[in-house]
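Some notes on the structure that comes next.
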Amino acid sequence: MPPSIVLAFAVAGLLVGSFLNVCIYRLPLRESIVWPASRCTACQRHLAWFENLPVLSWTALRGRCRTCGASISPIYPIVELTTAFVFVGGVSVYGPSALLAVRLAFACALVVLFAIDLRHRILPNIITLPGIAAGFGASWFLPPGWISSLVGIAGGGGILYAIAELYYRVRGREGLGMGDVKMLAMIGAFLGWPLMVLTLVLASFAGSIVGVALIASGRGGMQAALPFGTFLALGSLVAAVAGDPILAWYLAFYR
Ligand SMILES: [Zn+2]
């Protein structure tokens, strides 16, 4: 990969990450993501262009607003750096292709869902439902193909819906939300059913480890519901990049 391409994708990732921050902040508040321009969330002052540069501004301002001194969450530079990393990783895995464009859009949706679920414990329909449609639409022309995508949507949504129903009947309260159901359907739409199943396994495994660690450290019992969407996001990123080798390795045990 030529360094100029890596650099171009890193810069594009930082800029897109900056836009994803706007989505992460405004979508849960049901605000427009295109208007008005960025403001300090504490003093409402409009930000100058040099206060809006990805990562650089946050670092130069040491995470504080220039006028009111309110601290600015490190989530912002973290999201920008993560998106830059995803863009560079994406182009090195998929190369410049139509599939790269689709997978980057998918990854951007995951970054937004991850951060919103972590902060607000919701997975907005405005991302998951168009995501299902976009993933299914793209699968007519690109991997995983429309059949695998359709089975991924129905299977992913169906499995989590069944688990959510069962959990509710047994425990008498909601363990998984419909947001998780729609998010796994979206992952199935983009990645197809085998990688959707792998995502569910990885997310459940990671969720159990973190859950046990929290219980062991006394920082949360079984009642402290962890946002499952964050684990689905991480699991599907791993599945999108390394899923096929992982599945091949696993299936080799049964040959
Ligand atoms: Zn301020």
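The values are calculated or read from the model by the stated rules, or taken from the named source; none is laboratory data. Because the structure is a prediction, the values reported are computed rather than measured. Methodologically, a virtual Cβ is constructed for each residue, glycine included, from the backbone with ideal geometry; neighbour enumeration extends over all protein chains shown.
Based on this model, can you work out whether Leu251 counts as in contact (Cβ under 8 Å) with a residue 24 or more places away in the chain, part of a helix (DSSP H, G or I) and closer than 27 Å to Leu99 by Cα? Criteria not met by Leu251. Of all the listed residues (Val11, Val34, Val22), the sole one being modelled with pLDDT under 90 and under 26 Å from the mean Cα position of the chain (by Cα) is Val34. Close contacts from the range 38-54, counting a first residue that is closer than 15 Å to Cys68 by Cβ and a second that is modelled with pLDDT under 90 and more than 12 Å from the ligand (Cβ to nearest atom), with Cβ to Cβ under 8 Å and a gap of 6+ residues or different chains, come to Ser38/Asn52; His46/Pro36; His46/Ala37; Leu47/Ala37. For the range 22-57, the candidate set comprises residues that are in contact with a strand residue (DSSP E or B) (Cβ under 7 Å, 6 or more places away or on another chain) and charged (D, E, K, R); within that set, the residue that is nearest to the ligand (Cβ to nearest atom) is Arg45.
Please go through the range 58-72 and give me each residue that is within 13 Å of the ligand (Cβ to nearest atom) and either in contact with a strand residue (DSSP E or B) (Cβ under 6 Å, 6 or more places away or on another chain) or without any contact (Cβ under 8 Å) to a residue 12 or more places away in the chain (or both), ordered by number. Selection gives Leu61, Gly63, Arg64, Gly69, Ser71.
In the range 143-155, the residues that are in the same structural domain as Ala189 (by TED's automatic domain parsing) form Cβ pairs under 9 Å with partners that are in a loop (DSSP other than H, G, I, E, B) and surrounded by fewer than 16 Cβ atoms within 10 Å (Cβ to Cβ), at six or more places apart or across chains, as follows: Trp146/Trp140; Ser149/Trp140. Just one of (1) acidic (Asp, Glu); (2) free of Cβ contacts under 8 Å to residues at least 24 places away in the same chain; (3) in a helix (DSSP H, G or I) fails for Asp180. It is (2).
One residue is enough: does the range 228-247 have a residue meeting the conditions outside any helix (DSSP H, G or I) and either surrounded by 14 or more Cβ atoms within 10 Å (Cβ to Cβ) or in the same structural domain as Ala138 (by TED's automatic domain parsing) (or both)?
no
The residues listed here are Arg169, Arg173, Arg219; of these, the one that is over 25 Å from Val151 (Cα atoms) and either assigned to a helix (DSSP H, G or I) or touching a residue at least 24 places away in the same chain (Cβ under 8 Å) (or both) is Arg169. Checking every residue in the range 149-169 against the condition of being over 17 Å from the mean Cα position of the chain (by Cα), surrounded by 17 or more Cβ atoms within 10 Å (Cβ to Cβ), over 21 Å from Leu113 (Cα atoms) and among the polar types (S, T, N, Q) gives zero matches.
Taking the conditions (1) touching a Phe, Trp or Tyr at 6+ places or on another chain (Cβ under 7 Å); (2) under 18 Å from Cys23 (Cβ atoms) in turn, Ile116 satisfies each one other than (1).
Scanning the range 103-111 turns up no residue that is at pLDDT below 95 and either surrounded by 14 or more Cβ atoms within 10 Å (Cβ to Cβ) or charged (D, E, K, R) (or both).
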